[in-house]
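Please read the structure below before turning to the comments.
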């Protein structure tokens, strides 16, 4: 799996640092509020992605797929969720967001406990069941923040950020299938996520707000998406799981960069 690019790390860490540095200082005017709001949406959207990534890496551990890297990714995802949940609770702009975060907090404890246990088939089933309400709860936080921030940029950050989640969800579903633990509606879930990713990618590529850099990055995502979907169509076997794991990492990193770029646009 390719390492995170320095540019991506700089954008992601810069987004978190800007929010942490803001503390409880109120925004000076509407533009600053929108800028902070877009970055909060990026962070909240990453929480949404982590609900799926943690299950994916748990399954990879159970399958013996890149075990060392998978363990590191799972542990980092758990730490990141903890950090970002605390950040979001400290920066929540309104009562609706705070209520949504309380729901996430209540669901996170049992999910985290299950995810941190040694990987097993029974554990994977339990973790998968716990991940769905947590995914819904984290999505509610994103929607609350998007409504609070308003504007086209907030919507674009949400859409781009959701692509990260879909990449991990599709890989998670594939890993569950390799393990023989696929849900009864596996085909429907995979089809829905695939169709949503493709439709959203088309929407993002046509966005009037795109800079030349964003256009280039989204073109790269289009190429990665073609490779990822091809990998997902292969038989659910451990050998192909390596390909799916690698492809899902590449597209996640690219969409993380795209999301950060949207969050960094001048307020509109």
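The values are calculated or read from the model by the stated rules, or taken from the named source; none is laboratory data. Note that the structure is a prediction, hence the values are computed from the model and not measured. Positions of Cβ are backbone-derived with ideal geometry, glycine not excepted, and every protein chain shown enters the neighbour counts.
Answer with yes or no whether residue 213 is surrounded by fewer than 18 Cβ atoms within 10 Å (Cβ to Cβ), more than 26 Å from residue 67 (Cβ to Cβ) and in contact with a helix residue (DSSP H, G or I) (Cβ under 8 Å, 6 or more places away or on another chain).
Yes: the conditions hold for residue 213.
Please name all residue pairs, on different chains or six or more residues apart, with Cβ atoms under 7 Å, provided the first residue is in region 247-265 and is at negative phi and the second residue is outside any helix (DSSP H, G or I) and modelled with pLDDT under 95.
So the pair list comes out as 249/1; 249/2; 250/2; 253/4; 253/5.
Filter region 62-79 down to residues that are in contact (Cβ under 8 Å) with a residue 40 or more places away in the chain and loosely packed, with under 13 Cβ neighbours inside 10 Å, then give me how many there are.
Final tally of qualifying residues: 1.
How about region 100-122: which of its residues are free of Cβ contacts under 8 Å to residues at least 40 places away in the same chain and assigned to a helix (DSSP H, G or I)?
Listed by number, the residues that qualify are 102, 103, 105, 106, 107, 108, 109, 110, 112, 113, 114, 122.
Quick one: which of 125, 164 is in a helix (DSSP H, G or I), at negative phi and buried (at least 21 other Cβ atoms within 10 Å of the Cβ)?
164
So in region 169-189, with the set limited to residues that are crowded, with 19+ Cβ neighbours inside 10 Å and farther than 18 Å from residue 115 by Cβ, which one is nearest to the chain's Cα centre (by Cα)?
Per the stated criteria, the residue is 170.
Return only the number of the condition from (1) closer than 30 Å to residue 243 by Cβ; (2) modelled with pLDDT of 95 or more; (3) assigned to a loop (DSSP other than H, G, I, E, B) that residue 48 does not satisfy.
The one condition residue 48 does not meet is (3).
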